[in-house]
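The values are calculated or read from the model by the stated rules, or taken from the named source; none is laboratory data. Every value quoted in this text rests on a predicted model; they were computed, and no experiment measured them. Glycine also receives a Cβ, built like all others from the backbone with ideal geometry; neighbour counts cover every protein chain displayed.
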């Protein structure tokens, strides 16, 4: 079963549901009923948008777009329902793409200090998520990971998660073969061994026929380097022209069963509230949730 989900209210490619406390409270109750024990804030801010009124981010963006303290709301709801929250860092959407990796790391160090001072006493705050996604070895991003992971461990001692994507043909013309992918990620894991605790590869960018081989390779690579292996089972559909609807149920079932066959430690999804929740803004998500619950009953 899927026992974790990202929370995405600061996004650049999916629509906002425009939820307030009442809607989020209803969805956390649904998550708990569906067996979700872990939520991951995918990013605390992106460019000039943020999940709370951060003094650090306001120095960078005086016009910072934030209406309410979503972090406090999410932590409160997570604590109420016995759910662990992993906090996603800030993505400038700029510096690390321009090769200014030190500036990205410095900004995030100041930001997570503010976060830990403000929210670290919450019993639901159980881990960190490095929001800078990669698909292959990148020395600059490795330095961001190394600096941030060291700092996060020092201030909190909590575990750290990353969720990379696959450079596959569904999104990229110049893809990596499975052999190239294994080589690249062998290099990545050598650099982050002991610094990152969990990896949850996104599963949506390669053809379904190839996915079991990637899942097995990812799980084996992670085990070899002492990193827990989760699978980010995407619950949106990459195969249709609309960007992005809830996924077709047979595809979601195939991906879950393939991940379990590969021996991953945990299934999480991007992203319950939009694409799998009975409270979703998409009516097709309501039907997807019914199919998921029917399948889940047979597994139990």
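Of note, residue 203 satisfies the criterion of being modelled with pLDDT of 95 or more, buried (at least 20 other Cβ atoms within 10 Å of the Cβ), under 20 Å from residue 270 (Cα atoms) and within 18 Å of the chain's Cα centre (by Cα). Within segment 82-132, the set of residues being part of a loop (DSSP other than H, G, I, E, B) and touching a residue at least 60 places away in the same chain (Cβ under 8 Å) comprises 93, 130, 131. Consider residue 134 carefully, then state whether it is touching a strand residue (DSSP E or B) at 6+ places or on another chain (Cβ under 6 Å) and buried (at least 19 other Cβ atoms within 10 Å of the Cβ). In short, no.
If you filter segment 235-247 down to residues that are in contact (Cβ under 8 Å) with a residue 40 or more places away in the chain and assigned to a loop (DSSP other than H, G, I, E, B), you find that the one that is nearest to the chain's Cα centre (by Cα) is 235.
Looking across 168, 150, one residue alone is closer than 24 Å to residue 100 by Cα and either modelled with pLDDT under 95 or assigned to a helix (DSSP H, G or I) (or both). It is 150.
The listed residues are 229, 258, and the only one of them that is at pLDDT 95 or above and assigned to a strand (DSSP E or B) turns out to be 229. Name every residue in segment 261-300 that is in contact with a helix residue (DSSP H, G or I) (Cβ under 9 Å, 6 or more places away or on another chain), part of a loop (DSSP other than H, G, I, E, B) and over 25 Å from residue 9 (Cβ atoms), in order of residue number. Once the filter is applied, which keeps residues that are in contact with a helix residue (DSSP H, G or I) (Cβ under 9 Å, 6 or more places away or on another chain), part of a loop (DSSP other than H, G, I, E, B) and over 25 Å from residue 9 (Cβ atoms), segment 261-300 yields 263, 264, 265. Residues in segment 21-37 that are surrounded by fewer than 20 Cβ atoms within 10 Å (Cβ to Cβ) and either within 22 Å of residue 293 (Cβ to Cβ) or touching a residue at least 12 places away in the same chain (Cβ under 8 Å) (or both): 21, 23, 25, 26, 29, 30, 32, 33, 34, 35, 37.
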